[in-house]
Amino acid sequence: MVISYDALSALGATLETQWEKAAAGGSGIGRLTRFPLREDFPVEIAGQVAELDPKPFPFLSPRKMALWTSPIFGHSMVVVHRALSKTGLEITPELSPRVATTFSTAIGGLDAVLAADRNLVAKGKMPAPSVNPNSCVNMAGGKISMLINATGPIVTSVAACATGTTSMILGAMFLKEGMADLAVCGAVDFPLVEPIVAGFATMNGAYRSKPDKPEAPEKASRPFSRDRRGFVISEGAGCIILATREFAKAHGLDYKIEMAGWAMNADAYHYTAPREDTIAECMKRAVSRAGISPADIQAVNAHAASTKVGDQAEHQALREVFGARIPPVSANKSQLGHAMGASSALESIFAMEGMLRETALPTINYLPDPDLPLDCVPEGARRLKQEFVLKNAFGFGGCNACIVFRRVS
């Protein structure tokens, strides 16, 4: 059972603010200011998260965060703290061994390593002892377990852009296997680091404007659109807390969404290019595991990276699963940008919030592609009752992870 969630994204600092802006057709994309842009740097826009206000969060005091320079730590702890606070649950010493942590990151604190490397090269200054812990990919989950005193199973799932969904699936598996009663899942990534951004540009993944046709930043991310030109790199953190039905009832925890089915598989094909048949198979397995048929899915929250090849492959896979009757498809990256490993955690949260509000979020900046016929909810947020929603997430290395969410009556 999903008992709580919270998010920080380019759309805003609170979940309510983010939802309102998304439902109104807004965008979180703006000018890239995370680092000084060199002349002719290929990427000029991004989805940036606002700087955290540490005052409401004692654990973000300068003294406590002095060694944790990467933004992944403060932002991940905030979303976990807020999600847990919503439940009113205290992790007591008795509960602690039954609380699992699967909160993850795909990129981690590479910004800390980069800064240390530049200091070492330019000034001969040795790295601080905290640099390596900042860069450990599992440390985001480690810091969260320390924050909430969770001593149950802990694991960091790294599945590129599918990291958020794999975190949730691993959490659900811990609950199903009786290894935990509560699982703190989700993901964080802050990839707006100069060589990472430049690298996405050189591999033709990141959006670049045409030199002779500059565009407004908010118009740049356009999944499934005939004029799509790649993804807009963004930041974010999303936490989803799962509990067994028995634990939730015993502790008076409200739940309205469940993970009814899930699946993971590998393309075993190419390090970046997706494979349609394995993507389709992952969707089919998730739907089958939920005990339903494709016709029962009322909406799809797509991976929709906004690349030519990726969106085409996802469309073809949707056609294989649903035939000519593909449900309405929301592509949240059109508003959020692509937050790498955190993207599927954030999008899962928006999908679940849409189920509760009976609303399908729009895909903004959409111009129909005759080769990809889809209902992308282009007109704006749509009133739509949703008992079952399919969430897709695909990552570099051929990592696929799909979840079917069910609204619990």
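Go through the residues of region 93-103 one by one and say whether even a single one is surrounded by fewer than 15 Cβ atoms within 10 Å (Cβ to Cβ), at pLDDT below 95 and out of contact with any Asp or Glu (no Cβ under 7 Å at 6 or more places or on another chain). There is no residue in region 93-103 that is surrounded by fewer than 15 Cβ atoms within 10 Å (Cβ to Cβ), at pLDDT below 95 and out of contact with any Asp or Glu (no Cβ under 7 Å at 6 or more places or on another chain). A single entry from I240, I169 fulfils the requirement of being under 19 Å from A7 (Cβ atoms) and outside any strand (DSSP E or B): I169.
So, in region 387-401, of the ones that are over 13 Å from the mean Cα position of the chain (by Cα) and not in a loop (DSSP other than H, G, I, E, B), which residue ends up nearest to V287 (Cα to Cα)? Of everything passing the filter in region 387-401, L390 is nearest to V287 (Cα to Cα).
Being touching an Asp or Glu at 6+ places or on another chain (Cβ under 9 Å) and either buried (at least 17 other Cβ atoms within 10 Å of the Cβ) or assigned by TED's automatic domain parsing to the domain that holds L110 (or both) is true for just one of D212, D227. Which residue is that? Exactly one residue qualifies, and that residue is D227. Selection over region 114-151 of residues that are in contact (Cβ under 8 Å) with a residue 12 or more places away in the chain, under 25 Å from the mean Cα position of the chain (by Cα) and either assigned by TED's automatic domain parsing to the domain that holds F396 or within 18 Å of S76 (Cβ to Cβ) (or both) gives a count of 17.
Is it true that some residue in region 302-322 is out of contact with any Phe, Trp or Tyr (no Cβ under 7 Å at 6 or more places or on another chain), of a type in the set (F, W, Y), in a helix (DSSP H, G or I) and not assigned by TED's automatic domain parsing to the domain that holds A7? Yes, some residue in region 302-322 is out of contact with any Phe, Trp or Tyr (no Cβ under 7 Å at 6 or more places or on another chain), of a type in the set (F, W, Y), in a helix (DSSP H, G or I) and not assigned by TED's automatic domain parsing to the domain that holds A7. Using the structure shown, decide if G337 is surrounded by fewer than 24 Cβ atoms within 10 Å (Cβ to Cβ) and modelled with pLDDT of 95 or more. Spelling it out, it is not the case that G337 is surrounded by fewer than 24 Cβ atoms within 10 Å (Cβ to Cβ) and modelled with pLDDT of 95 or more.
Restricting attention to region 187-209 and to residues that are among the hydrophobic types (A, V, I, L, M, F, W, C) and part of a loop (DSSP other than H, G, I, E, B), the residue that is surrounded by the fewest Cβ atoms within 10 Å (Cβ to Cβ) turns out to be M203. Would you confirm, using the coordinates I've provided, whether A243 is surrounded by 24 or more Cβ atoms within 10 Å (Cβ to Cβ), within 21 Å of M340 (Cα to Cα) and among the small types (G, A, S)? In short, no.
Please find, within region 31-47, the residue that is farthest from P214 (Cα to Cα) out of those that are among the aliphatic types (A, V, I, L, M) and part of a loop (DSSP other than H, G, I, E, B). The selected residue is L37.
For region 282-327, a residue qualifies if it is of a type in the set (S, T, Y) and farther than 30 Å from N204 by Cβ, and the qualifying residues are S288, S293. Among the residues making up region 161-185, a single one is surrounded by fewer than 22 Cβ atoms within 10 Å (Cβ to Cβ) and either within 13 Å of the chain's Cα centre (by Cα) or on the phi > 0 side of the Ramachandran plot (or both): G178. If I filter region 346-354 for residues that are of a type in the set (V, I, T), in a helix (DSSP H, G or I) and in the same structural domain as P274 (by TED's automatic domain parsing), do I get at least one hit? Yes: region 346-354 contains one or more residues that are of a type in the set (V, I, T), in a helix (DSSP H, G or I) and in the same structural domain as P274 (by TED's automatic domain parsing).
The values are calculated or read from the model by the stated rules, or taken from the named source; none is laboratory data. What you see is a predicted model, and the numbers here were worked out from it, not measured in a lab. Every residue, glycine among them, receives a Cβ derived from its backbone with ideal geometry; neighbour counts consider all protein chains shown.
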